[in-house]
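Worksheet: the structure to be examined is printed underneath.
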Protein chains: 2
Amino acid sequence: MPPVNRLENLEAIVQQFKELDETMTHYSDMLSLAGWDQQVMAPPKGKSYFSKVRGTLSTELFRLATSDQIGELLNALSRPEVQQQLDAATKAAVRERKRSYDKDKKIPEKLHKDFTIHTANARTVWEEARKENHFEKFRPTLERTVELVRQYSELYGYEKHPYDALLDDYEPGLTVEQLDRIFGTLRERTVQLLERIRHSPQQPRHAFEGAFDVSQQEKFNLHIIPLLGYDLDAGRLDVTAHPFAITMNVGDVRITTRYFENDPKGSLFATIHETGHAIYEQGVNAEYEGSVISSGVSLGIHESQSRFLENMVGRSEAFWERYFGDYKSFFPGKFENLSVRDFYRSVNIVAPTFIRVEADEVTYNLHIMIRYELEKGLVAGELEVKDLPRLWNEKMREYLGVEPPTDTLGVLQDVHWAYGAFGYFPTYTLGNLYSAQIRKTILKQFPDFYDIIRRGQFSVIREWLRENIHQHGSVYTPSELIERVTGEPLNPDYLVEYFEEKYSDVYGL
Amino acid sequence: MPPVNRLENLEAIVQQFKELDETMTHYSDMLSLAGWDQQVMAPPKGKSYFSKVRGTLSTELFRLATSDQIGELLNALSRPEVQQQLDAATKAAVRERKRSYDKDKKIPEKLHKDFTIHTANARTVWEEARKENHFEKFRPTLERTVELVRQYSELYGYEKHPYDALLDDYEPGLTVEQLDRIFGTLRERTVQLLERIRHSPQQPRHAFEGAFDVSQQEKFNLHIIPLLGYDLDAGRLDVTAHPFAITMNVGDVRITTRYFENDPKGSLFATIHETGHAIYEQGVNAEYEGSVISSGVSLGIHESQSRFLENMVGRSEAFWERYFGDYKSFFPGKFENLSVRDFYRSVNIVAPTFIRVEADEVTYNLHIMIRYELEKGLVAGELEVKDLPRLWNEKMREYLGVEPPTDTLGVLQDVHWAYGAFGYFPTYTLGNLYSAQIRKTILKQFPDFYDIIRRGQFSVIREWLRENIHQHGSVYTPSELIERVTGEPLNPDYLVEYFEEKYSDVYGL
């Protein structure tokens, strides 16, 4: 490594760093492709082999990401006098790679491998336990996962709470201290609002009755998502058991959804949700291609884009004033004598559910809080895995007023713990909070926001999102970005305000 | 590297070799997946980026394959006293890896990279030139390709002819000397047969008239390919511009085909052809998974399996005696008043075509010979690229009696030269020769071969192929395999015999 004291040396170092950044990005892209293929295309007998192939590539990527070579480059490029000379994109790439490097270097290769193998197997165990409604079957595996996750937390290190070390993996800089404060306010005001909703005499009626042809559902999805800004020449819509969005590169961002004949609503909003993720990734500046910064900056910001599109646009009255006619035309004989307003109210029914992914936007965050509290307790060693089913049900009764009849509908419903993804759940609520704050800013910029949607001119909003959020990829940190866009740090009041405004209308409060 | 003088050392060395073999196989599998995805699934705007991703992985694989580590292991494992102690599978894996290693080591990384980049671009140039019927546009690119290919040939080294060095890449051990002899006989007897066919008064009539619904064509394909032994739980059938088969692993061998409303025959036999490739790969012993030997041993042997299924089974009278009824039922109103015999004769019409992939099985090898002679001359420096269009047309007139009206229908028709794949074409004819020789052996083992097919019991034949050929993957070299299976080395007489027998019947000679 030559000393960084002359410009030509700096250029050589930047060049070397960019090449490594690109190589690592290519490995990640290939892993994304393999993951997508396993879930969407691979025939049943070929799936398990590709887990091994992914393991090989993932190990190789871990080695690259923790190599002495990248370490030396990152150190050289992190020196203050060097930082001053870097452009914003390079600086951000160095920041992102260094963050991972510093964390990864703390994890012995043995632990990394143990964790990878354990969680790969854990997923199968979890699937069986969920199917058989048999928590005890999953318990020993989950205990081991918690053990490993706690080792990660100790090795990563933290200032105040062991869970902080994990949160940082999913939303850089996020802490228990912040979350406790935010969730405290949010929970209190959500519970009050739910109380008023529950007692409203103006309960909306269900609009979806009978069977909805699946191929028509798909056709409507393909009709609506380009209108929301999804470029089908740079993406695909496929079918999987669980909807997701995944990026191969800026020119190839794929989404999936699922269809149920008797629940067209679920599929429709899941599709719009994934579209929100996808237009974020499709909107990243193409110049960042091949770098770690060519993707959205954090799970929280990502979720803000999907939830904004799903809930604040897709479940708005203005949206359906524009598109209800289109929607009806795909399902002749349905929704006869139903007004747009009644349809709009129907897609915003608030009611407690056992399953998080089926929750309305108001109760949704309560599901997250339950998971947050439980995993925080597990990581701190204050709770034991064996007590989870009981604690889960107690919290469900306390927060949502319902208790799941089975663990399949309760503590076993989500895949995250099987993956070992502790610290992930809070980013969902963070996304909701960010989206409300961004909506507030948009309303200031476009006081006629809902008229724009009503006129089917969502592209105007999408351009604004691209300009202010999407194009930047990971150039700004989540907190930098939210301050840049909205002029202030995360403020949970906007979500509560949005809820109160919208549901006062839907429920005539 | 510890000395290989004690059993535990040998075991450690074998273990290290197996790990590297597996890692390299995983890289190849991932490259296969990326290649498949680019052609079948990737949206238009995402295709070019993945060429870069493949470049990164391919470079990494080249590094692994030429590393000192693998070199030392291969040397240790190639010593005669060590070889004796290895099981057949390990020995074969060492043989295959060493063959590539010895060749790759002769190529400087710079040349490898130049060749990779040049041929990636050449493909685009060729596509445009073909579209515009403009050979001159492709000429400079092809000249550079020939230059690079000749460098490879010199670096690889050869005993007699520079083209031998390239042939060996596609069919280990194959030489110009052998090919000249084989092609000499084959050409002479083919031309004689064609003469008799041309003058036969019993010319079969075309059976396919009008439009054939594409979705029905696809349904028939999905009906017939499992009956031929293709396991759809370990594969997929998709649509691409050019049909191909590709292996991810033994449990995932995918095929593609294409459909034309006015040419159901082309699609049907292309699908059966790719099915032949696929059942070879699906039939490899699953214990070889993750090793270089888990794939078919050579292009020639591979092509024997696809051509056997396509021509000797799929275009046999017995096959249609069993399945013509099924086929008709997918296309109501078609083939009315057409006998099985007339249908059979129709799918075996012999007539010169401009395009190789549309050729019948008799004229097909003449197309190959033209390419063989031209590329042999280019590699030897006896021909110049600029003369190709003229030479091509002259040879077409001489061998097939027709002259393509445009270069698009002539010298520009195939992608192989754009890829830099010189030495590939002869393996197609080799496949035809092998398939006839294997058919002869099958007829000895199963004198009621055609009755078996007539009864729809192809699985009996498929089991025999699996037992004798497929399961072995690359354990035996092509020449070992053909001798093991048929009891003698490659003998071109069987193909001519088969032609004479079959076409005496079809054309009443």
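The numbers here are math on the coordinates, done by the rules we state, and not lab data. No experiment lies behind these values; they were computed from the predicted model shown. As a convention, Cβ positions derive from the backbone with ideal geometry for all residues, glycine included, and neighbour counts pool all protein chains shown.
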Quiz item: What FRET efficiency comes out for the pair B:His242/B:Gln85, r = Cβ-Cβ distance, R0 = 41 Å, nearest 0.05?
Solution: 0.35
Quiz prompt | Range of Cα positions in the protein assembly as shown per principal axis (Å), largest first | solution = 94, 74, 57
Quiz prompt | Per-residue mean of C-beta atoms belonging to partner chains within 10 Å, peptide A:132-144 | solution = 0
Quiz item: How many angstrom lie between the C-alpha centres of the stretch A:282-333 and the stretch A:170-248?
Solution: 10 Å
Quiz item: Cα-based count: Lys pairs in the stretch A:65-200 below 24 Å, eight or more positions apart or different chains?
Solution: 13
Quiz item: Leaving out same-chain residues fewer than 8 places away, which lysines sit with a Cα under 18 Å from that of A:Lys219?
Solution: A:Lys265, A:Lys328, A:Lys334
Quiz item: Peptides A:411-423, A:380-392, B:428-440: what's the order by average Cβ count within 10 Å, highest mean first?
Solution: B:428-440, A:411-423, A:380-392
Quiz item: How large is Rg/Rh for the stretch B:320-398, to two decimals, with Cα atoms and a Kirkwood Rh?
Solution: 1.24
Quiz item: the stretch A:402-455 to the stretch B:446-486: how many Å between their Cα centroids?
Solution: 58 Å
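Considering every residue in A:27-37, what mean count of other chain Cβ atoms within 10 Å of its Cβ is obtained? Spell out each step's value before the answer.
Numbers: counts 5, 1, 7, 10, 1, 0, 9, 6, 0, 2, 7.
Per-residue shielding by partner chains comes out at 4.
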Practice problem: Calculate the spin-label point distance for A:Gln39 paired with B:Glu358, positioning each point 7 Å from the Cα along the beta-carbon direction, and give it in nanometres. | Solution: 4.4 nm
Quiz item: Taking amide hydrogens as modeled 1.01 Å from N in the peptide plane, which residues meet the under 5 Å criterion relative to A:Glu384, leaving out close sequence neighbours?
Solution: none
Self-check item: Kirkwood-Stokes translational diffusion coefficient of the stretch B:132-204, alpha-carbon pairs, 37 °C, 0.692 mPa s, µm²/s
Solution: 210 µm²/s
Quiz item: What FRET efficiency, computed as 1/(1 + (r/R0)^6) with R0 = 45 Å and r the Cβ-Cβ distance, is obtained for B:Val402 and B:Glu19, rounded to the nearest 0.05?
Solution: 0.25
Quiz item: Share of Cα-Cα pairs in chain B beyond 34 Å, in percent?
Solution: 38 percent
Exercise. Order the peptides A:83-89, B:257-263, A:369-375 from the highest to the lowest mean number of other Cβ atoms within 10 Å of their residues.
Key: A:369-375, B:257-263, A:83-89
Quiz item: What 222 nm value per residue comes from the helices of chain B, counting each DSSP H run with n ≥ 4 as -39,500 (n - 2.57) and dividing by all residues, nearest 500 deg cm²/dmol?
Solution: -21000 deg cm²/dmol
Self-check item: Neighbour-limited loop hits for GluC sites (Glu not before Pro), the stretch A:121-216 (at most 13 other Cβ within 10 Å; DSSP other than H, G, I, E, B)
Solution: A:Glu159, A:Glu209
Quiz prompt | Amide H contacts under 5 Å for B:Asp238, placed H, 5+ residues apart | solution = B:Ile255, B:Thr256, B:Thr257
Quiz item: Using alpha-carbon pairs under 8 Å, 6+ residues apart, how would you state the relative contact order of the stretch B:325-388 in percent?
Solution: 15 percent
Practice problem: Return the sequence-ordered ³J(HN,Hα) values of the stretch A:342-352 in whole Hz as given by the Karplus equation 6.51 cos²θ - 1.76 cosθ + 1.60 applied to θ = phi - 60°, using x for Gly and Pro. | Solution: 5, 5, 4, 5, 5, 7, 10, 5, 9, 7, x
Quiz item: Relative contact order of the stretch A:7-105: what whole-number percent is it, with Cα pairs under 8 angstrom and at least 6 residues apart?
Solution: 35 percent
Quiz item: Which whole-number percent is the relative contact order of chain A (Cα, under 8 Å, 6+ apart)?
Solution: 20 percent
Practice problem: Within 10 Å of each Cβ in peptide B:239-252, how many partner chain Cβ atoms are there on average? Round it to a whole number, please. | Solution: 3
Practice problem: Run through the DSSP bridge list for the protein assembly as shown and note the antiparallel percent, rounded to the nearest 5. | Solution: 55 percent
Practice problem: Compute the Rg to Rh ratio over the stretch A:7-105 from the alpha carbon atoms, using the Kirkwood formula for Rh, and round to two decimal places. | Solution: 1.11
Quiz item: Amide H neighbours of B:Asp360 under 5 Å, counting only residues 5+ apart in sequence or on other chains, H built in-plane at 1.01 Å?
Solution: B:Ala351
Exercise. Using label points projected 7 Å from each Cα along Cα→Cβ, tell me how many nm separate A:Arg390 and B:Asp180, to one decimal.
Key: 8.9 nm
Practice problem: Report, in order of residue number, the helices in chain A meeting two criteria: a C-alpha extent of 18 Å or more along the helix axis, and a mean Kyte-Doolittle hydropathy of at least -1.0; treat each whole DSSP H run as one helix. | Solution: A:7-40, A:47-65, A:135-156, A:176-198, A:214-227, A:264-282, A:317-330, A:361-380, A:426-445, A:493-506
